1. Does segment 90-116 hold any residues that are touching a strand residue (DSSP E or B) at 6+ places or on another chain (Cβ under 9 Å) and open to solvent by 30 Å² or more (accessible area, probe 1.4 Å), and which are they?
2. If we scan segment 320-336, do we find a residue that is surrounded by 15 or more Cβ atoms within 10 Å (Cβ to Cβ), more than 18 Å from GLY266 (Cα to Cα), without any contact (Cβ under 8 Å) to a residue 24 or more places away in the chain and not polar (S, T, N, Q)?
3. Just to be sure, is LEU203 under 20 Å from SER372 (Cβ atoms) and in a strand (DSSP E or B)?
4. Listed residues ALA252, ALA235; which is part of a helix (DSSP H, G or I) and at pLDDT 95 or above?
5. Need at least 2 residues that are under 32 Å from the mean Cα position of the chain (by Cα) and closer than 23 Å to ILE231 by Cα per element, so show me which helices (runs of 4 or more DSSP H) inside segment 273-379 make the cut, counting only ones lying wholly within it.
6. For residues in segment 122-133 being surrounded by fewer than 20 Cβ atoms within 10 Å (Cβ to Cβ) and of a type outside the set (A, V, I, L, M, F, W, C), which is nearest to PRO155 (Cα to Cα)?
7. In segment 352-368, how many residues are aliphatic (A, V, I, L, M) and either modelled with pLDDT under 95 or open to solvent by 60 Å² or more (accessible area, probe 1.4 Å) (or both)?
8. Any idea which residue in segment 7-57 is modelled with the lowest pLDDT, counting only those that are part of a loop (DSSP other than H, G, I, E, B) and under 15 Å from ALA124 (Cβ atoms)?
Amino acid sequence: VARLKGGDPFVFGRGGEEAEECRAAGIPFEIVPGITSAIAAPAYAGIPVTHRDAASSFCVITGHERDDAGEGSTRLPGQAEGRRDWGRLAHAADTLIFLMGVEALPEITARLQEHGRAGSTPTALVQWGSWSRQRVVSGTLATIVDAVRAARLTPPAVCIVGDVVRLREKLRWFDDPGLHPLFGRRILVTRAREQASSFAEALRQAGAEPVEFPIIRIEAENDLSTLDQAIEQIAHFRWLVFTSSNSVRIFARRLEEHGRDSRCLGGVSVAAIGPATAEALMRELAIRADYVPTEAVAEAMAEQWPMSLQPGQRVMLPRAADARDHLVAALTNRGAIVYDIPVYRTLLDGAGAEEVLNQLRNGTIDAITFASSSTVRNFAEAISPGAGNSLRELVGRARIVAIGPVTAQTASEVGLPPDAVAGVHTIPGLLATLQTLFSAESGAMKDAQ
């Protein structure tokens, strides 16, 4: 049995009481120490609990005690509060750290000042320490209560009292917008589950909290016999064209099942619609694309196609069953014989839609990202506004960000005109667009203030 606790189980985590019960019941146990929020939260706020120039000691104190006898196995009514000797606590260490003390903050600050701690002592509260929703409110013992009320800061939070708080502006790192431009933003990721993780990690690195809502599910076609026949005739094709990393992955697996590898593509030129698909080619087949257009859209791919394509040459195009026909039509018009082969479908996966809808209603999601038209259509279907509501009204304050013009057009068609469209139609381009969008909004807010 694993008993998971936040922080360290022996720092106001009742780990000691629980271990006593185990021992009394004859249950063997082991304890894995954690990192207490008393140290971790200040560190994530850029506040060291000790510093050679500011503090050589620190004290961790519970922000509230409960007097009910049932709260602890050996506690008697009135005992708990009596253990807090404010006269000693006020000067117990250079840095005082209170856990679970938001509601008791007025009493804590009053008692400390009453017993000689200067009202000018720097004080800070760190809410949701180490989370992307982390907030820090700073002041002094005399002003922090009003500052916390003005900020409407609520538990959970750690209170730090001492000169080390002055170091925050110099050592601030986690919530520094220069280092983490999307800090505090919650971004809805609608990509397929197998594709969402890399984008989610990039968002975390930028300081955001990704909310994964894999609205589409990638499923290979049940009948891949047409692809199998094309693979058997691979030497007769002049071009092999990939318009997504999904088609690359499915093609690579099928090639392997036929007992072949990338060597059979020696006389075939390979095209990828964009950098992500080109990377998938290298990863899955160790092949560098012969042609990648400057924009990851079918229109650019068709317009910039190399002149080496001659009438009568065969082009294999393994792709999604519901893909647009623009590229097929363009290559056919140039005289190519295009084998348009459906190898996968994008299916609706609306699991978790109600929870996402609640978050949108509550205004806790800052942006919704769409990386393809299928994610837009499936999102619209999963959220499905009721009578009298538009999709735009349902998403509320959330910004709509599309990976490219085709996806943007689809979003507009379903009633979600984008607030921003990535100039570079890739996941890194989408991330950069989010950073630009929110940095511009933050700048506008500062100017207004």
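The values are calculated or read from the model by the stated rules, or taken from the named source; none is laboratory data. The structure displayed is predicted, hence computed values, not measured ones. Methodologically, a virtual Cβ is constructed for each residue, glycine included, from the backbone with ideal geometry; neighbour enumeration extends over all protein chains shown. Quick note on the areas: whole protein, heavy atoms, side chains included, nothing else; ligands and nucleic acids left out. Shrake-Rupley method; radii C 1.70, N 1.55, O 1.52, S 1.80 Å.
1. ALA92, ASP94, MET100
2. yes
3. no
4. ALA252
5. 275-285
6. ARG133
7. Result for segment 352-368: 4.
8. Only one residue fits best here, namely ALA54.
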